[in-house]
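The numbers here are math on the coordinates, done by the rules we state, and not lab data. None of these values were measured; they are calculated from a predicted model.
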């Protein structure tokens, strides 16, 4: 006991003074704030080259589906697609969340014409992705890439990244960043074969 203060009180005061001194010291440090452009929000690896147009992108038959089961079983029950949009995304990613209604609308609008959307959640658990699908009422196929193997196979530099595939799984386009309603419709109208 020192005067009216106990040793514990003096220790707490000394700790608080030390933290305040550190904050003041750091506040004098000149750190210039950066401004992120929309494309910077999703970049994970700026040196990623991406999969080449014309290459084939194959989803393994045993790839887990967010709601249970595996890709081959679910895919066998669906009509053969004419055009596939593979969306590499994450549920925690703000640009991905912003794009989700666009993809949901594309699936509803063009599904009858042969468009298939396959969302592949990167580095997340099936239960997280299934809850996301339920919350946003997603009617398209969602797979999980827990170990990010498909993300690496795609050579993606960030999320969201879309691989646009033809009916044989050949890459027609790679789209980095989120699609807007306008750009998504233009892309599908340009690439979806007419019957």
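What the table shows:
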{"read-out": "Three-way shape label, segment 61-195, alpha-carbon gyration tensor, a/c 1.5", "value": "rounded"}
{"read-out": "Relative contact order of segment 90-157, defined on C-alpha pairs under 8 angstrom at six or more residues apart (%)", "value": "34"}
